Amino acid sequence: MDIQPVKKASTIRVTIDSLALGGKGVAKFQDFTVFVDRGVPGQTVDAFIYKKKKRFAEARIANIIHQPPDILEPPCPHFGMCGGCLHQQISYEQQLGHKHRQVIETLQHIGGFRNLDVSPTLPSPDVYHYRNKMEFSFSRQRWLTPDEIQSGNPIDRKDFGFGLHVPGRHDKVLDLQLCMLQSDTANAIYRTVKQWALNSNILPYSTVDHRGYWRFLVIREGKNTGQLMVNIITSDETEHQSTYALRDELLHNYPDITTIVHNINRKKAQIAFGDEEHILHGPGYIVERLDDLQFRISANSFFQTNTRQGERLYNIVKDWAAIQTLETVYDLYCGTGSIALYVARQAKQVIGIELVPQAIQDAKRNCDLNNIKNCHFIEGDLKDQLRDPAALADQFGRPEVIIIDPPRSGMHPSLPARICELAPGRIVYVSCNPATLARDLQLLCAEHYALQRIQPVDMFPHTPHCEVVAYLELKSN
Ligand SMILES: C[S@@+](CC[C@H](N)C(=O)[O-])C[C@H]1O[C@@H](n2cnc3c(N)ncnc32)[C@H](O)[C@@H]1O
């Protein structure tokens, strides 16, 4: 007999208490946990249960019964449909508080850590227009808004969508007028590309038949240098004349664009990443400046998307690592070498390891650009590069400090043990996913390391994403 109070496909009335990691509202219904999509703490809602598990249910809002008095009017015209900024209705101060609590709870629940001293979330200097990179997708299935459907008017060009994916739908795209996380110039470029591609009468790529041309647009901006990259990603080169014509149109309208690249992704995987790159204008990369360091960024390289908050993040890493002149540092998942360059001037040497060849090239050039000569970069998968830690230490020296900055999936399961074998005195772990951070810290701290400091850093205001820096020290036996 099902004695749980919540049934699938039923509607229940709940009050949202808090925000879960990932951004859903959390409510209790007779002590049973219900995660409510787009729920705001303080709201009372009728929630329709669309999924039920043993320990929790997931629901969407059917009706809002009561709004909290401090709820804000979201400034973005696409709020409610776009999945990017879920929290525009919540004051920024409250957003920071929710992220702080989420980090503590995740480290407790997943990592088993107790009595943690977690610093308050470091606010971002800018809460809108902070992104230096945005990725937009083309689709042959435009998401139709409720207004369009209800109007009863004939719907034009349903087969052309360009914007951001609707949450949970990898096939459908919400057409945008603007995104408030990027600059006005980037929004204007986005609209020009949209109009151009629409008028081209060339079909967007479809994940259904894997035909069509336009796939993605990526706009990158050096916030401190003003340099601008437009990266057009298509499925092949069949319509390259049209891509050249788009380049001319862009340069005519936006002479400040410093580089335009055309990437070709022939694979089925829906990623804005090219296997083949053609430079259509300028040098094929942009340069961004963080503090007094310059970074060359190519189309396929990772770079922190919030420039001004990125500077603060790297300064925390540098301060916590507290590197001495004779120390060797390993920078794992080093990308274009941003962290390596931040700490290189204090260290004897920095060894960076990274999977993406273009990022390694950028890292080496970044050293040249900044006249830094004590970094060495290794291209490869970390699970292979760290397979024999003793051999690595023989070749490059045993690290006194290891800095880790993995993707959302965290470290490969073999790595915590390998890092413990290398036994650096200090570890600084930068994470964009508190859940995988908690998992990895638990392994590192099982025997060898003590978790000393934790600093959540808000890189992405209004979104549920949460960046955290953790500092660990080797336990003395
Ligand atoms: C969050 S980024 C950090 C980059 C860099 N530390 C920075 O701040 O710019 C993670 C990096 O890990 C790299 N990466 C992902 N999987 C990897 C793997 N298995 N081995 C090595 N590097 C990997 C990605 O290409 C990306 O550059």
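Okay, here's what the table says:
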read-out: FRET efficiency estimate (nearest 0.05) - Cβ-Cβ, Thr225 to Ile202, R0 41 angstrom; value: 0.80
read-out: Hull-based mean projected area of segment 1-143, where the convex hull spans the alpha carbons, in square nanometres; value: 12.0 nm²
read-out: Interchain or long-range residues, amide H under 5 Å from His376's placed H; value: Val350, Ile351, Gly352
read-out: Value of Rg to Rh for the chain (Rh from inverse mean 1/r over Cα pairs, i.e. Kirkwood); value: 0.98
read-out: Residue-span extension gain [Tyr50 to Thr11] - 0.36 nm each, minus C-alpha spacing; value: 13.1 nm
read-out: Residue order, fewest to most beta carbons within 10 Å, for His165, His462; value: His165, His462
read-out: Fraction of antiparallel bridges per DSSP, the chain only, in percent to nearest 5; value: 65 percent
read-out: Unit charges on C-beta of K, R, D, E only; dipole of segment 306-474, Debye; value: 280 debye
read-out: Candidates per trypsin sites (Lys or Arg not before Pro) in segment 170-225, loop by DSSP, up to 15 other Cβ within 10 Å; value: Arg211
read-out: Förster radius 41 Å - calculated FRET efficiency between His66 and Gln195 (Cβ-Cβ, nearest 0.05); value: 0.45
read-out: Trypsin sites (Lys or Arg not before Pro) lying in DSSP loop within segment 244-310, provided at most 16 other Cβ fall within 10 Å; value: Arg266, Lys267, Lys268
read-out: Order by protection proxy (mean Cβ within 10 Å, highest first), peptides 386-393, 84-91; value: 84-91, 386-393
read-out: Ellipticity estimate at 222 nm from DSSP helix runs (n ≥ 4, -39,500 (n - 2.57)) divided over the chain, nearest 500; value: -8000 deg cm²/dmol
read-out: Dimensions (Å) - segment 306-474, Cα atoms, principal axes, largest first; value: 39, 37, 29
read-out: Segment 354-397: C-alpha gyration tensor shape, a/c 1.5 cut-off, then a/b vs b/c; value: oblate
read-out: Thr336, Thr259, Thr325, Thr44 arranged by Cβ crowding within 10 Å, fewest neighbours leading; value: Thr325, Thr44, Thr259, Thr336
read-out: Segment His252-Gln30, length gained on full extension (0.36 nm per residue, minus Cα span); value: 73.7 nm
read-out: Estimated FRET transfer efficiency (Lys158, Ala423; beta-carbon r; R0 56 Å; 0.05); value: 0.40
read-out: Loop trypsin sites (Lys or Arg not before Pro), segment 111-159 (other Cβ atoms within 10 Å of the site Cβ: 13 or fewer; DSSP); value: Arg114, Arg157, Lys158
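The numbers here are math on the coordinates, done by the rules we state, and not lab data. The structure presented is a predicted model; accordingly, all values stated were derived computationally and were not measured. Every residue, glycine as well, gets a Cβ built from its backbone with ideal geometry; the counts of neighbours run over all protein chains shown.
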